[in-house]
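Participant: Questions regarding the structure given below will be posed in turn.
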Amino acid sequence: MRNDLDGYLSRCRDSVFLHIRAYLEKRTAALPRSMKACVVDYPYRRGKALRPALVMLFNDAYGGARPPALRVASTYQLLEDWGLGRDDILDGGTLRRGKPSLHLLYGMPRAVNALDMLHDCVTDMLYSYCALAPRRYGAVRS
């Protein structure tokens, strides 16, 4: 049973980060290399993605369609990455997922701009990538 759960979590994590990578590759394509590196840094560090895995688990348990759930789970993970970066700035965190925090690697101005872009990506994913209607966006945001 433990191996089944570990395998399920691993597959969810891989799927979520593949979706995030595909989205961010398109979204950051026009950015200068140094800014792109800052924007994608936390998402590409691949956290545990437990919250997105829970989204997928509940979706699967209730027989929901996987593609939309995977997109919502990916959006949730990107929101988590944004929140972690913001938290690191606010509390002076020095390490995130075994590496120096974003603001220490890239400087405060670039880190803040990168996190602003990640926040915009979350909103964009909810509207376009997830095809979430404006009336539903309010409910999700609440």
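The values are calculated or read from the model by the stated rules, or taken from the named source; none is laboratory data. Note that the structure is predicted; figures quoted are calculated from it, not measured. Glycine also receives a Cβ, built like all others from the backbone with ideal geometry; neighbour counts cover every protein chain displayed. In case anyone asks, the SASA skips ligands and DNA or RNA and just uses the protein heavy atoms, side chains included. Shrake-Rupley method; radii C 1.70, N 1.55, O 1.52, S 1.80 Å.
Participant: Please work out the Cα center distance from the stretch 78-135 to the stretch 28-42, rounded to the nearest Å.
Facilitator: The stretch 78-135 and the stretch 28-42 have Cα centres separated by 12 Å.
Participant: I would also like to ask the following. For the chain, with every protein chain kept in place, what is the accessible area per residue (1.4 Å probe, Å²)?
Facilitator: Each residue of the chain exposes 59 Å² on average to a 1.4 Å probe.
Participant: Here's something else I'd like to know. What are the lysines whose alpha-carbon lies under 22 Å from the alpha-carbon of Lys36, with same-chain residues fewer than 8 places away excluded?
Facilitator: Counting by Cα, and skipping residues close in sequence, Lys36 has these lysines nearby: Lys26, Lys99.
Participant: Quick one: if the Förster radius is 25 Å, what FRET efficiency do Arg33 and Thr123 give, using the C-beta to C-beta distance and rounding to 0.05?
Facilitator: In this case the efficiency is close to 0.50.
Participant: Compute, for Tyr76, the solvent-accessible surface of its heavy atoms (probe 1.4 Å) with the complete set of protein chains present, and express it in square angstrom to the nearest 10.
Facilitator: 90
Participant: When the accessible area of the chain is computed with all protein chains present and a 1.4 Å probe, what percentage of it is carbon and sulfur?
Facilitator: Carbon plus sulfur share of accessible area: 57 percent.
Participant: Can you work out the PRE-style zone for Phe58? Point 7 Å along Cα to Cβ, and I want the residues of the stretch 14-50 with backbone N under 14 Å.
Facilitator: Flagged as within label range: 50.
Participant: Give me the one-decimal nm value for the distance between modelled label points at Arg11 and Asp116, 7 Å along each residue's Cα-to-Cβ direction.
Facilitator: With each label point 7 Å from Cα toward Cβ, the separation is 4.2 nm.
Participant: Next up: From Cα pairs below 8 angstrom and at least 6 apart in sequence, can you work out the relative contact order of the chain, rounded to a whole percent?
Facilitator: 24
Participant: Given the options Leu90, Leu115, Leu70, which has the most mean-square fluctuation in a GNM of the chain, springs set between C-alpha atoms less than 10 angstrom apart?
Facilitator: Comparing Leu90, Leu115, Leu70 in a Gaussian network model of the chain, the most mobile one is Leu90.
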